[in-house]
Amino acid sequence: MRKYTPKDNVQKRAKYTDRFWVAPQVPRLEPEDEHFKAVVDAVSKSVNLLDSYVEIGQLVLHIEPEANIDALKTLRDDCGYTICSELSAIDYLAQDGEFEIFYQMLNINERKRVRVLTRIKENQAIESIVPLFDMAKFAEREMYDMFGIYVNNHPYLKRIIMPDDWEGYPLRKTYPLEGDEFASWYEVDKIFGKEYRDVIGPEIRDQARVDRYDTQRFARVGKEVPFGADPDSVDTTQTPIEYSDQFLVNYNKGPHKTLDKRK
Amino acid sequence: MQHPNKLRPFFENLNFERDDNTMVINFGPQHPSAHGQLRLILELQGEQVVKALPDIGYLHRGIEKMAENMIYNEFLPTTDRLDYIASTSNNYAFALSVERLLDIEVPRRAQVIRTMLLELNRIISHLFFLATHALDVGAMSIFLYAFREREFAMDLMEDYCGARLTHSAVRIGGVPLDLPDGWLTSLTDFIDRLPEQIKLYEDLLTENRIWKMRLEDVGIVTPEQALSWGCSGIMLRGSGIKYDIRKEEPYELYSELDFDIPISDRCDSYGRYRLYMEEMKESIKILRQLIGMYHQTDSQLMAHAPKYISAPKEEIMTQNYALMQHFVLVTQGMRPPKGTVYAPTESPKGELGFFIRSEGEPYAYRLKCRAPSFFHTGILQDILPGTYLADVVTIIGSTNIVFGEVDR
């Protein structure tokens, strides 16, 4: 029977996993720090705080997606988190049908970092944080480009890294690493049109392939050996087929060159 | 009005012919001073920029996607291709994230070597910045002088790891090699020679009338803009905000080292140029201290964490269990605990950090590379309007963006 491969997550997986192996969890601690306690208090006053813990030295706050503006505004204005250093999403569509969005905040006076996490459904949009942080002008565009998450009230929500007419969202788990059909024919379709797919042919991605008529990488031409054979055992001094005859005009054949064989 | 056909596709919804008297010009992506693959769409009123739109993505290789399909050790050489001017900073930022996730301690000698390489990379990167920035502005000789010194620094990198650009000189859990014989002497020679070279550059540029006219009050980044855009590194310190991750959130040996953080409240390109020069001097200071520290360490290079890191070669060759562990770690990869980590580091360009979400698999569930240049490219759309076209080149050079890490 063919091996089952899930279609909703085409990311590479471990080949062997011990049946009884349970992955440990990085410790999630209660906030002990005075500053972090104050942050948790301030944020829980303004929004509904779902969960909060300290993970590897950084405070993690789980909030509801509708509250992202309020929570970040509280962090910026009341707690001193004036820099939003990163913002992006994690694809959990296969497991929960949700995206997890994270905002990585930095307080340069207290030297502390807070991560705000929120989860949205697949077709749910999130409010833009551009009014609070300009960096979202770029970061949210990237999130939209890579995951297809719509951001409400973003001033210029367009693809940023991929071309404007791209189809599909590359960082979703359903998107294969080597690209989908659209990706492999993108240039051909755009420049020549779909009808030229047969003429041009698919892109060759087999790195071990030897093209004997390749005029660029000809180092191995004529030195191919059967699979598994020892390269030294094969006579590589002579090219197995006389392919030069097919292309080159042999001028040494003699003067009696008859173009028309009927004569 | 555009007339798209198959060879000339419809162009970005932009009308190049306008009724008003502004002109839209396309800057890059192959412009020599676009620092790689930056395409800027500029709307000009006479010679003044009215609107700027940075367009990126010409060097996109899907490195974050690749990270999800590679084991952690496999991904490390890929990080070389982010900021290819200072590869070790990327290797290190990634290794640090994974080490924080695994909660392992790196041996002291490895720490010394790593910090040395990081500072050497900072010098390489800053010299590169100076060379290309000066070339963009029109000072050709500085380009040649700075590249000469950069060659010597890259020779040192080559002596250590064999590569000049894509170093991969750091491993998760330590460094693969000890310093070769005579390397520290070469390093001492280099850092003895460098200050006079820096003085040469400063003599040529700092008080140079043309240089000052081209750089002073050009590319003003206000502190509010710098904070809002998430600027870091010299873009942040050039706006008068003193924040250096090496000092404020120390990693490796930076808490033990004595160095200063230069800041400038000029907020312009000239202030940032001065900071680059000062930072090189601080790096020399750090390297001098590290040479002394190196001799006080013992010879262990990789962390001892048998679950995640292979044992040293001698143990693998002599002990069965170490060989088994090594086999599993190479063929299957290490499995870090479930959890999320974000470890910021101060790369020569700014705050470089890897956000890693691990689900306990040998492959990262999500890896986000927080690249400083990405936001420094974004800020161009806010700082370019109002400047002159000739200053655009200065401002791009002054942000010191590298497209390997903008597009990823």
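The values are calculated or read from the model by the stated rules, or taken from the named source; none is laboratory data. Please read these numbers as outputs of a predicted model, since none were measured by experiment. As a convention, Cβ positions derive from the backbone with ideal geometry for all residues, glycine included, and neighbour counts pool all protein chains shown.
Output the number of residues of the range A:148-172 satisfying the condition of being outside any loop (DSSP other than H, G, I, E, B) and within 17 Å of B:Ile63 (Cα to Cα).
0
Can you find, within the range B:331-341, the residue that is surrounded by the fewest Cβ atoms within 10 Å (Cβ to Cβ) among those that are touching a residue at least 24 places away in the same chain (Cβ under 8 Å) and more than 8 Å from chain A (Cβ to nearest Cβ)?
B:Met334
Cβ contacts < 7 Å: first residue closer than 15 Å to A:Arg119 by Cα, restricted to the range A:130-154; second residue in a loop (DSSP other than H, G, I, E, B) and among the polar types (S, T, N, Q), any location; separation 6+ or different chain. Result?
If the second residue must be in a loop (DSSP other than H, G, I, E, B) and among the polar types (S, T, N, Q), the pairs left are A:Val151/A:Ser128.
All but one of (1) within 8 Å of chain A (Cβ to nearest Cβ); (2) surrounded by fewer than 24 Cβ atoms within 10 Å (Cβ to Cβ); (3) under 27 Å from the mean Cα position of the chain (by Cα); (4) not in a strand (DSSP E or B) hold for B:Arg357; which doesn't?
Result: B:Arg357 passes all but (4).
Only one of A:Asp164, A:Asp180, A:Asp189, A:Asp96 is of a type outside the set (A, V, I, L, M, F, W, C) and under 26 Å from B:Ile383 (Cβ atoms); which?
A:Asp164
What pairs can you find where one residue is in the range B:272-298 and of a type in the set (Gly, Ala, Ser), the other is buried (at least 17 other Cβ atoms within 10 Å of the Cβ) and part of a helix (DSSP H, G or I), and their Cβ atoms are less than 6 Å apart, with a gap of 6+ or different chains?
B:Ser283/B:Glu119; B:Ser283/B:Arg122; B:Ser283/B:Ile123
Hey, can you tell me all the residues within the range A:166-185 that are more than 11 Å from chain B (Cβ to nearest Cβ) and surrounded by fewer than 17 Cβ atoms within 10 Å (Cβ to Cβ)?
A:Glu167, A:Gly168, A:Thr174, A:Asp180, A:Glu181, A:Phe182, A:Ser184
Return yes or no: is B:Arg246 within 18 Å of B:Ile395 (Cβ to Cβ) and either in contact with a His (Cβ under 8 Å, 6 or more places away or on another chain) or in a helix (DSSP H, G or I) (or both)?
Against the criterion (within 18 Å of B:Ile395 (Cβ to Cβ) and either in contact with a His (Cβ under 8 Å, 6 or more places away or on another chain) or in a helix (DSSP H, G or I) (or both)), B:Arg246 does not qualify.
Anything in the range B:215-243 that is over 18 Å from B:Ile395 (Cα atoms) and outside any helix (DSSP H, G or I)? List them, or say none.
Matches in the range B:215-243: B:Ile241, B:Lys242, B:Tyr243.
Name every residue in the range A:95-111 that is closer than 15 Å to A:Tyr53 by Cβ and more than 9 Å from chain B (Cβ to nearest Cβ), in order of residue number.
None; the set is empty.
Can you tell which of B:Arg209, B:Arg150 is under 20 Å from B:Arg274 (Cα atoms), in contact with a Phe, Trp or Tyr (Cβ under 7 Å, 6 or more places away or on another chain) and free of Cβ contacts under 8 Å to residues at least 40 places away in the same chain?
B:Arg150
Kindly provide the set of residues from the range B:163-177 that are under 20 Å from the mean Cα position of the chain (by Cα), surrounded by fewer than 23 Cβ atoms within 10 Å (Cβ to Cβ), assigned to a loop (DSSP other than H, G, I, E, B) and not aliphatic (A, V, I, L, M), ordered by number.
B:Arg164, B:Thr166, B:Ser168
Any idea which residue in the range A:56-83 is farthest from the other protein chains (Cβ to nearest Cβ), counting only those that are at positive phi and of a type in the set (Gly, Ala, Ser)?
Ranking the qualifying residues of the range A:56-83, first place goes to A:Gly80.
Can you confirm whether A:Glu64 is surrounded by 17 or more Cβ atoms within 10 Å (Cβ to Cβ) and touching a residue at least 40 places away in the same chain (Cβ under 8 Å)?
no
Please work out if B:Tyr276 is more than 14 Å from chain A (Cβ to nearest Cβ), modelled with pLDDT of 90 or more, crowded, with 20+ Cβ neighbours inside 10 Å and in a helix (DSSP H, G or I).
Taking the combined requirement at face value, the residue satisfies it.
I'd like the residue in the range A:11-54 that is under 26 Å from the mean Cα position of the chain (by Cα) and buried (at least 17 other Cβ atoms within 10 Å of the Cβ) and, out of all such residues, is farthest from B:Pro362 (Cα to Cα).
A:Val26
Of these, B:Thr345, B:Thr387, B:Thr340, B:Thr331, which one is under 23 Å from B:Ser87 (Cα atoms) and either more than 29 Å from the chain's Cα centre (by Cα) or modelled with pLDDT of 90 or more (or both)?
Step by step, each of B:Thr345, B:Thr387, B:Thr340, B:Thr331 is checked, and only B:Thr345 is under 23 Å from B:Ser87 (Cα atoms) and either more than 29 Å from the chain's Cα centre (by Cα) or modelled with pLDDT of 90 or more (or both).
What's the number of the only condition in (1) away from chain A (no Cβ under 14 Å); (2) without any contact (Cβ under 8 Å) to a residue 40 or more places away in the chain that B:Arg370 fails to meet?
(1)
Among the numbered criteria (1) in contact (Cβ under 8 Å) with a residue 12 or more places away in the chain; (2) part of a helix (DSSP H, G or I), which one does B:Ile104 miss?
Result: B:Ile104 passes all but (2).
Determine, yes or no, whether B:Pro180 is more than 21 Å from the chain's Cα centre (by Cα), farther than 23 Å from B:Glu346 by Cα, at pLDDT 90 or above and not small (Gly, Ala, Ser).
Taking the combined requirement at face value, the residue satisfies it.
Looking at (1) under 14 Å from the mean Cα position of the chain (by Cα); (2) within 7 Å of another protein chain (Cβ to nearest Cβ); (3) in contact (Cβ under 8 Å) with a residue 40 or more places away in the chain, can you tell me which one B:Pro362 breaks?
(1)
Select from the range B:255-273 the residues that are surrounded by fewer than 19 Cβ atoms within 10 Å (Cβ to Cβ) and under 19 Å from B:Tyr92 (Cβ atoms) and list them in ascending order.
B:Ser255, B:Glu256, B:Phe259
Of the residues that make up the range A:156-165, is at least one at positive phi and more than 10 Å from chain B (Cβ to nearest Cβ)?
No, there is no match, as no residue in the range A:156-165 is at positive phi and more than 10 Å from chain B (Cβ to nearest Cβ).
Of all residues being within 22 Å of B:Leu165 (Cβ to Cβ) and at the interface with chain A (Cβ under 8 Å from one of its Cβ atoms) in the range B:47-77, which is surrounded by the fewest Cβ atoms within 10 Å (Cβ to Cβ)? Just the residue, please.
For the range B:47-77, the residue satisfying everything is B:Met66.
Any chance you could count how many residues in the range B:79-102 are within 21 Å of B:Arg335 (Cβ to Cβ) and either within 13 Å of another protein chain (Cβ to nearest Cβ) or touching a strand residue (DSSP E or B) at 6+ places or on another chain (Cβ under 7 Å) (or both)?
Residues in the range B:79-102 being within 21 Å of B:Arg335 (Cβ to Cβ) and either within 13 Å of another protein chain (Cβ to nearest Cβ) or touching a strand residue (DSSP E or B) at 6+ places or on another chain (Cβ under 7 Å) (or both): 9 in total.
Out of the residues in the range B:301-311 that are surrounded by 15 or more Cβ atoms within 10 Å (Cβ to Cβ) and more than 14 Å from every other protein chain (Cβ to nearest Cβ), state the one that is farthest from the chain's Cα centre (by Cα).
B:Ala311
Residues checked against (1) within 24 Å of B:Ala343 (Cβ to Cβ); (2) touching a His at 6+ places or on another chain (Cβ under 8 Å):
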| site | (1), (2) |
| --- | --- |
| A:Leu87 | yes, no |
| A:Ala94 | no, no |
| A:Gly97 | no, no |
| A:Ile108 | yes, no |
| A:Arg111 | yes, no |
| A:Asn123 | no, no |
| A:Asp134 | no, no |
| A:Lys137 | no, yes |
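Looking only at the range B:6-14, decide whether some residue is surrounded by 14 or more Cβ atoms within 10 Å (Cβ to Cβ), at pLDDT 85 or above and more than 20 Å from the chain's Cα centre (by Cα).
No: the range B:6-14 contains no residue that is surrounded by 14 or more Cβ atoms within 10 Å (Cβ to Cβ), at pLDDT 85 or above and more than 20 Å from the chain's Cα centre (by Cα).
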